1. Specify which of the listed residues (Ser73, Ser38) is not in a loop (DSSP other than H, G, I, E, B) and not β-branched (Val, Ile, Thr).
2. For the stretch 218-241, which positions are of a type in the set (Val, Ile, Thr) and in contact with a strand residue (DSSP E or B) (Cβ under 8 Å, 6 or more places away or on another chain)?
3. Give the residue that is farthest from Ala246 (Cα to Cα), with candidates limited to residues of the stretch 157-189 that are buried (at least 20 other Cβ atoms within 10 Å of the Cβ) and within 16 Å of ligand 2 (Cβ to nearest atom).
4. If I ask for residues that are closer than 29 Å to Asp143 by Cβ and out of contact with any strand residue (DSSP E or B) (no Cβ under 9 Å at 6 or more places or on another chain), which ones from the stretch 242-263 would you list?
5. Among the candidates Asp158, Asp185, which residue alone is part of a strand (DSSP E or B) and of a type in the set (D, E, K, R)?
6. Restricting the stretch 171-182 to residues that are modelled with pLDDT of 95 or more and not in a strand (DSSP E or B), which is nearest to Thr259 (Cα to Cα)?
7. On the given criteria, is Asp156 outside the structural domain of Gly46 (by TED's automatic domain parsing), more than 28 Å from Ile34 (Cβ to Cβ) and charged (D, E, K, R)?
8. Just one of Asp66, Asp105 is of a type outside the set (A, V, I, L, M), surrounded by 16 or more Cβ atoms within 10 Å (Cβ to Cβ) and at pLDDT below 95; which is it?
Amino acid sequence: MEPNSVVAVILAVLLVSSCGLTDFGGGGASVTHITDRSGTVTDNGGTTDQRVQTVAGRVMNPAGADASTFDGSVFVVHNGNRQQVTPTPCTLGDCQPGEWEFTTDLVLNSGSNNIQVVVEDSGGSQAGSSSTFNVNANIPARDITATLTWDTNGNDVDMHVYDPQGNHAYYSSKQGIPSADLDLDDIDGYGPETFTMQDAIPGDYTIKVRYYDAKGVTSNVPVTVRLSLNEGTPQVFTHTFTAEQANYDDATNDWTVTTFTMP
Ligand SMILES: [Ca+2]
Ligand SMILES: [Ca+2]
């Protein structure tokens, strides 16, 4: 190999090895790929026929390369809606100094889905953002989508949905409403817990939220529910629980989020 070729190969290796953040980042954050529950990976620009996906990505710690804790917050923004995620130190072989990683579950909309990662420093100022990751979902549109998230790490909040016939979907009966699905019970912070119903029967539906278990969290817990009907613009509802309001199976402190009528 000619010396010039050796230099070219080294440069190529350097360029490839820095792709973790430069593919969709450059701004200190990246979405690397999404994976469905069977393990099938969809890359940026791809198409999937699976609604529930896990988003994986990388972010730079605003505190710098040597910090052992992540000094800031990471948000996944999906079609304009933010959900917070928990970064962990990057463990893969191509990790750059100061690079952390995250995964989070995400429920796609029918059609176009834009996913971006935003990093804020501990003062709440934006410290980084990725380019937009696009994926097209060949899935039927849903009549009802309700997503619960909360702003504290490590504790357990639960969404409860009641249909017009009194059926009840919640963590221990995720398919408690026929033809609907509560995707998962998040028990360690931030959510999301997402309820979807493709063909809603007519009548009144009620969403409630219970602070189930503080699990040592002593701060207040800001909670958000986003409700989208017919995949339209979400209505956003917010509430704050105190630490003392976590009360397991007691409904006393339940937040009645909303009651809405499907035609
Ligand atoms: Ca939960
Ligand atoms: Ca979680």
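1. On inspection, the qualifying residue turns out to be Ser73.
2. If the condition is that a residue be of a type in the set (Val, Ile, Thr) and in contact with a strand residue (DSSP E or B) (Cβ under 8 Å, 6 or more places away or on another chain), then Val221, Val223, Thr224, Val225, Val236, Thr238, Thr240 are the ones that fit.
3. Top of the filtered list is Leu182.
4. Pro263
5. Asp158
6. Looking at the filtered set, the residue picked out is Ile177.
7. Criteria not met by Asp156.
8. Asp105
The values are calculated or read from the model by the stated rules, or taken from the named source; none is laboratory data. Everything numeric in this text was worked out from a predicted model, so none of it was measured. All Cβ positions, glycine included, derive from the backbone under ideal geometry; neighbour counts span all protein chains shown.
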